[in-house]
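Below you'll find the structure, written out as structure tokens, and then a few comments.
The values are calculated or read from the model by the stated rules, or taken from the named source; none is laboratory data. Fair warning: this is a prediction, and the values are worked out from it, not measured in the lab. Here the Cβ is made from the backbone with ideal geometry for all residues, glycine too, and neighbour counts use every protein chain on show. With ligands, DNA and RNA removed, areas are computed over all heavy atoms of the protein, side chains included. Shrake-Rupley method; radii C 1.70, N 1.55, O 1.52, S 1.80 Å.
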Amino acid sequence: MADTLEFNEIYQEVKGSMNDGRLRLSRQGVIFKNSKTGKVDNIQASELAEGVWRRVALGHGLKLLTKNGHVYKYDGFRESEFDKLSDFFKAHYCLELTEKDLCVKGWNWGTVRFGGQLLSFDIGEQPVFEIPLSNVSQCTTGKNEVTLEFHQNDDAEVSLMEVRFYVPPTQEDGVDPVEAFAQNVLSKADVIQATGDAICIFRELQCLTPRGRYDIRIYPTFLHLHGKTFDYKIPYTTVLRLFLLPHKDQRQMFFVISLDPPIKQGQTRYHFLILLFSKDEDISLTLNMNEEEVEKRFEGRLTKNMSGSLYEMVSRVMKALVNRKITVPGNFQGHSGAQCITCSYKASSGLLYPLERGFIYVHKPPVHIRFDEISFVNFARGTTTTRSFDFEIETKQGTQYTFSSIEREEYGKLFDFVNAKKLNIKNRGLKEGMKQSYDEYADSDEDQHDAYLERMKEEGKIREENANDSSDGSGEETDSSFNPGEEDDDVAEEFDSNASASSSSGDGDSDREDKKPAKKAKIVKDRKPRKKQQESKKGKDPNAPKRPMSAYMLWLNASREKIKSDHPGISITDLSKKAGELWKAMSKEKKEEWDRKAEDARRDYEKAMKEYSVGSKADSHRGERSKKKKKKQEKQVKGKGDKKGATSKSSSSKSPAKGMSDSFKSKEFVSSDESSSAESKKEDSEDEGAASPAPSSEDSASGSD
């Protein structure tokens with residue numbers, strides 16, 4: 001057998017990327033030379049602990065495990081080379097080259113095994129995937145969940161950044177399985193560890209992003225945010241910029257830390273860490289270092305004992321540790337004297353700070369735009385009101401940011417600032433004539449909107465005039481066409497007294513006053529029966545037969561007392577659950593018995609419904625007949641009343657002529673009688689009735705003579 005084996009076009013898997021090269025196996029060990037970088041990996045034969053042969057995407061692969069826990073993977077072998085490699089491992093390394101294929105079932109539940117520097121997720125005895133724990137950068141725990149984050153691989157186009165494992169809640173020997181899982185990962189992972197004590201600790205600081213209150217522990221190389229739910233370790237090398245921004249109310253301060261790469265919470269990425277401080281909060285701070293170490297490390301920027309405002313202490317410590325300048329607002333001052341502008345971005349209200357070299361928006365979501373990446377800015381009109389305007393920024397990459405609902409009083413100051421920074425203003429020609437003062441901008445804003453407003457006002461006036469004309473025309477038509485004699489009897493009956501009172505005055509105005517309410521009365525009368533009809537439809541006949549019960553309900557009514565006796569004190573909900581379980585467990589033969597009972601009940605119900613429907617039809621016919629009779633009787637009563645009224649009027653007109661033979665009455669009395677009201681007519685008729693018996697007696701006397 002040959003002492004060496006060489007394979008060309010073999011690929012080594014390193015952090016998810018495949019590097020091609022040459023693999024050489026000799027008695028001394030395994031050597032792989034990268035064809036691109038020339039890097040050589042040398043594995044001594046005495047360090048080899050296990051060799052695994054398996055099928056992979058690029059044919060077949062070889063996985064080598066060393067005694068110190070390292071894993072090496074090589075792909076690109078042909079299937080025919082297995083026998084040659086197996087014999088070589090037996091002869092020179094005294095190892096059995098085992099065959100283990102990966103599981104391709106696609107299941108996402110299985111068992112996790114920790115072996116050396118490797119985390120293996122297995123289904124049964126077959127591995128699904130393996131994770132080198134040296135690639136883990138962060139390990140966080142939640143409720144029954146462990147999240148692993150990985151170092152970013154710049155050599156690979158696509159790299160895995162996060163994996164979540166769900167750990168079922170099982171308590172074995174008082175050990176939490178989630179914590180045990182995390183400890184196994186952290187013991188081998190390349191995670192930032194808090195070695196030694198913190199330099200200083202700031203307790204319960206209010207954090208806007210990520211939201212919550214966190215304890216901030218300051219370590220020499222990283223920042224540790226400790227909250228109730230999440231912990232974040234932020235290396236100082238990931239801090240890009242520091243900002244200290246005064247709030248518009250002049251009572252609070254924002255301290256903003258820009259991060260790249262961002263901190264992660266699930267799928268959310270936080271590129272900015274924003275802390276909110278009150279100016280009134282003071283603190284006395286003592287660093288956990290002796291004075292010599294403080295002087296040697298910070299060179300006078302920090303002292304062992306410091307005191308002052310809380311935001312000043314945090315910003316001072318961060319500036320010394322991160323070794324970056326703190327950016328503060330420049331010379332910009334808004335209309336109210338503040339160094340920021342109130343606006344909205346993506347439906348959230350916030351503050352826009354014009355800085356010396358860019359803009360920063362706080363706080364949801366935070367945005368930082370440098371002047372050197374801005375293509376142009378644009379001043380746009382407010383979409384909803386003329387009292388505000390929008391400020392648009394487009395970057396050279398084509399990204400557009402729109403800050404809306406800015407008060408128009410801020411326009412002059414913002415335009416002067418943008419102009420002084422020599423930024424390209426897209427609509428400079430339109431705004432140049434308006435930049436003298438925000439008052440002129442306000443006037444021009446209203447003028448440009450006047451054309452539309454005037455047109456809408458004119459259309460509104462025309463609509464109002466048309467509405468008035470149509471209402472007047474319709475009123476004249478109703479007045480001219482209205483005739484009490486031609487209207488329905490209901491109106492005449494309801495307004496009989498008004499009609500008689502108005503007959504004495506020959507003016508048309510009084511007639512109109514009486515006629516208008518008559519129409520309203522008709523509408524009210526028409527609506528009443530509709531409500532009655534709706535109420536009658538909603539009502540349910542108590543005499544109607546009840547619906548039949550299902551087989552289950554029949555069984556439940558028969559078995560309820562037995563279940564209660566078997567389970568004393570059982571609640572109603574538990575009883576229904578227990579009944580459901582018993583019904584499910586019941587055999588088909590017993591269920592068929594109750595089905596037959598339900599079928600019999602259904603037949604009885606159908607029979608009763610037929611009888612009920614026949615009886616209800618007969619009752620409805622009787623009701624209709626009685627209604628028709630009532631209507632006829634009402635019409636007859638109304639007809640008699642009308643005839644009586646006509647005869648009374650004729651008798652009243654004839655009675656003065658009869659009285660003329662016995663007593664003298666002047667013309668004034670007769671004319672006043674004709675124009676009198678209905679009440680005077682009744683009095684005259686009573687007088688005539690009292691005077692009429694006298695002449696009848698005389699006639700009888702003359703007749704006897």
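Name the single residue, out of those in the stretch 571-592 being surrounded by fewer than 12 Cβ atoms within 10 Å (Cβ to Cβ) and among the acidic types (Asp, Glu), that is nearest to Ser559 (Cα to Cα).
That would be Glu581.
Conditions tested, residue by residue: (1) open to solvent by 20 Å² or more (accessible area, probe 1.4 Å); (2) not hydrophobic (A, V, I, L, M, F, W, C).
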site	(1), (2)
Ile216	no, no
Phe222	no, no
Lys228	yes, yes
Tyr232	no, yes
Val239	no, no
Arg251	yes, yes
Leu259	no, no
Ser278	yes, yes
Glu281	yes, yes
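Going through Glu312, Glu299, Glu293 one at a time, which residue ends up being farther than 30 Å from Asp416 by Cα, exposed (fewer than 13 other Cβ atoms within 10 Å of the Cβ) and not aromatic (Phe, Trp, Tyr)? Walk me through it before giving the result.
On the way: Glu312 fails: exposed (fewer than 13 other Cβ atoms within 10 Å of the Cβ); Glu293 fails: exposed (fewer than 13 other Cβ atoms within 10 Å of the Cβ).
Just one listed residue meets the conditions, Glu299.
What do you reckon, is Ala585 at pLDDT below 90, out of contact with any Asp or Glu (no Cβ under 9 Å at 6 or more places or on another chain) and over 30 Å from Ser613 (Cβ atoms)? Lay out the reasoning, then the answer.
Working: at pLDDT below 90: yes; out of contact with any Asp or Glu (no Cβ under 9 Å at 6 or more places or on another chain): yes; over 30 Å from Ser613 (Cβ atoms): yes.
Judged against the criteria, Ala585 is a match.
So the check is Cβ under 6 Å with 6+ separation or different chains; which pairs have a first residue in the stretch 278-291 that's under 18 Å from Arg217 (Cα atoms) and a second one that's open to solvent by 70 Å² or more (accessible area, probe 1.4 Å)?
As it stands, the answer is Ser284/Ser307; Thr286/Asn305; Asn288/Asp197, since those pairs meet every condition given.
For the stretch 373-385, name all the residues that are surrounded by fewer than 17 Cβ atoms within 10 Å (Cβ to Cβ) and at pLDDT 90 or above. So that I can check it myself, show each step before the final result.
Start the filter on the stretch 373-385 by keeping residues that are surrounded by fewer than 17 Cβ atoms within 10 Å (Cβ to Cβ), which leaves 373, 375-376, 380-385.
Matches in the stretch 373-385: Glu373, Ser375, Phe376.
Looking at the stretch 386-394, is at least one residue open to solvent by 10 Å² or more (accessible area, probe 1.4 Å), among the basic types (Lys, Arg) and in a strand (DSSP E or B)?
No.
For the stretch 42-65, does any single residue satisfy the condition of being in contact (Cβ under 8 Å) with a residue 60 or more places away in the chain and in contact with a strand residue (DSSP E or B) (Cβ under 7 Å, 6 or more places away or on another chain)? Walk me through how you get there before you give the answer.
Initially, the stretch 42-65 is screened for residues in contact (Cβ under 8 Å) with a residue 60 or more places away in the chain, giving none.
The answer is no; no qualifying residue exists.
I need the full set of residues from the stretch 328-340 which are over 15 Å from Glu409 (Cβ atoms) and open to solvent by less than 50 Å² (accessible area, probe 1.4 Å), in order please. Please lay out each step first, then the result.
So the first thing to find is which residues in the stretch 328-340 are over 15 Å from Glu409 (Cβ atoms), and the list is 328-331, 339.
Of everything in the stretch 328-340, those that are over 15 Å from Glu409 (Cβ atoms) and open to solvent by less than 50 Å² (accessible area, probe 1.4 Å) turn out to be Pro329, Gly330.
If you go through the stretch 79-128, how many residues are more than 30 Å from Ala182 (Cα to Cα), hydrophobic (A, V, I, L, M, F, W, C) and not in a helix (DSSP H, G or I)? Outline the logic, then answer.
Taking the stretch 79-128 first, the residues more than 30 Å from Ala182 (Cα to Cα) are 79-99.
Of the ones still in play, those that are also hydrophobic (A, V, I, L, M, F, W, C) are 82, 85, 88-89, 91, 94-95, 97.
If we keep only those that are not in a helix (DSSP H, G or I) too, we end up with 94-95, 97.
Residues that pass the stated criteria total 3.
For residues that are more than 19 Å from Phe332 (Cβ to Cβ) and open to solvent by less than 20 Å² (accessible area, probe 1.4 Å), tally how many sit in the stretch 395-422.
Matching residues across the stretch 395-422 total 1.
Considering the stretch 32-41 alone, what residues qualify as being open to solvent by 60 Å² or more (accessible area, probe 1.4 Å) and either in contact (Cβ under 8 Å) with a residue 12 or more places away in the chain or aromatic (Phe, Trp, Tyr) (or both)? Spell out how you get there, then give the answer.
Filtering the stretch 32-41 down to residues open to solvent by 60 Å² or more (accessible area, probe 1.4 Å) leaves 33, 35-37, 39-40.
Once the filter is applied, which keeps residues that are open to solvent by 60 Å² or more (accessible area, probe 1.4 Å) and either in contact (Cβ under 8 Å) with a residue 12 or more places away in the chain or aromatic (Phe, Trp, Tyr) (or both), the stretch 32-41 yields Lys33, Ser35, Lys36, Thr37.
Which count do you get for residues in the stretch 79-129 that are small (Gly, Ala, Ser) and in contact (Cβ under 8 Å) with a residue 40 or more places away in the chain? Before you say what the answer is, go through the steps one by one.
Keep residues of the stretch 79-129 that are small (Gly, Ala, Ser), which gives 80, 86, 91, 106, 110, 115-116, 120, 124.
The next check asks that each one be in contact (Cβ under 8 Å) with a residue 40 or more places away in the chain; those that pass are 91, 115-116.
Of the residues in that region, 3 qualify.
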